[in-house]
Amino acid sequence: MRIRIDLAYDGTDFHGWASQPGLRTVQGELQDALATAFRLAPDERLWVTCAGRTDAGVHARGQVVHVDVADDAIAASAGRSHLPPLDALVRRLNGMLPLDVQIHRATEAAPGFDARFSALWRRYAYRIADTPAVYDPLRRHHVLYWPRPLDLSLMNVAAADLIGLHDFGGFCKAREGATTIRTIRTLVWERDESGVAVARVVADAFCHGMVRALVGCLVAVGEGRKDIGWAKEVLGHTVRTSAVHAASPRGLTLEEVGYPPDDQMEARAVQTRAKREAADD
């Protein structure tokens with residue numbers, strides 16, 4: 001059975017999503033918990049695939065992963081619980097995971113579902129407190145404090161040049177053989193009820209470091225260090241420019257991942273995988 005797992009985590013004390021030897025990662029914690037839940041031998045491991053690999057310090061409210069598990073192992077993992085096996089699995093995993101990771105639900109995935117390739121879009125939010133009056137120390141791990149006020153109207157005009165299908169090489173850390181062509185659906189700045197500046201960014205996918213670089217670029221416009229056309233200028237670069245300083249991971253959260261209806265999951269995964277392979281060629 002392929003299981004879909006929806007989870008959230010505070011990325012403050014993690015070295016990102018992806019497993020790395022000797023480092024604490026979200027994937028590593030989750031895979032260790034799954035190995036215990038399914039009573040795997042020491043040399044066995046279940047591999048989980050996520051919708052979006054978050055960097056060190058980045059948070060998630062709506063991360064999605066999938067993992068393939070034998071049907072009888074799922075039933076056995078429930079033990080004496082009277083809950084349905086996957087509900088029992090959620091309870092057991094949350095009992096083993098650290099407090100900065102929480103499983104929301106585990107469900108049998110739709111046919112052909114792939115947490116990464118079936119996704120239609122990912123939505124991130126970046127939060128900045130740009131005046132002392134709106135900075136809340138209790139949110140210091142999730143909201144970036146910025147010492148100068150930002151003009152969101154200027155940032156939104158600059159952001160409009162980035163919406164659509166583009167090569168975002170100027171905003172991405174290069175990875176050999178990986179494409180930097182992406183489609184941004186939404187990039188808008190608003191203030192929440194507390195006065196914190198919040199960027200809402202929706203795209204089909206993001207390349208490495210892209211959201212933080214977009215934020216860093218627009219903050220430079222919003223505080224008057226760069227003119228309103230600078231974002232478009234950076235977009236013209238095919239490789240990352242040192243003039244763009246990536247914003248801190250602290251303010252960034254993966255909020256939600258969007259998927260098609262269940263009967264379209266497999267077709268979407270095939271389509272996305274083909275596009276990526278063609279682009280990388």
Filter segment 110-153 for residues that are within 20 Å of the chain's Cα centre (by Cα) and of a type in the set (A, V, I, L, M); the one that is nearest to Val65 (Cα to Cα) is Ala115
Please count how many residues of segment 233-260 are part of a loop (DSSP other than H, G, I, E, B), touching a residue at least 24 places away in the same chain (Cβ under 8 Å) and either of a type in the set (A, V, I, L, M) or more than 30 Å from Asp114 (Cβ to Cβ) (or both).
9
What do you reckon, is Thr183 assigned to a strand (DSSP E or B), buried (at least 16 other Cβ atoms within 10 Å of the Cβ) and of a type in the set (Ser, Thr, Tyr)?
no
State whether the residues of segment 161-170 include one that is among the small types (Gly, Ala, Ser), surrounded by 14 or more Cβ atoms within 10 Å (Cβ to Cβ) and closer than 14 Å to Arg240 by Cβ.
yes
Farther than 30 Å from Arg212 by Cα, touching a residue at least 24 places away in the same chain (Cβ under 8 Å) and within 22 Å of the chain's Cα centre (by Cα): does that describe Leu93?
yes
Could you check how many residues of segment 132-183 are of a type outside the set (A, V, I, L, M) and over 30 Å from Ser194 (Cβ atoms)?
15
For Val202, indicate whether it is assigned by TED's automatic domain parsing to the domain that holds Ala243, surrounded by 14 or more Cβ atoms within 10 Å (Cβ to Cβ), in contact (Cβ under 8 Å) with a residue 24 or more places away in the chain and assigned to a strand (DSSP E or B).
yes
Could you list, in sequence order, the residues of segment 1-51 that are of a type in the set (S, T, N, Q), surrounded by 14 or more Cβ atoms within 10 Å (Cβ to Cβ) and part of a loop (DSSP other than H, G, I, E, B)?
Ser19, Thr25
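The values are calculated or read from the model by the stated rules, or taken from the named source; none is laboratory data. This structure is a prediction, so every number in the text was calculated from the model and none was measured. Positions of Cβ are backbone-derived with ideal geometry, glycine not excepted, and every protein chain shown enters the neighbour counts.
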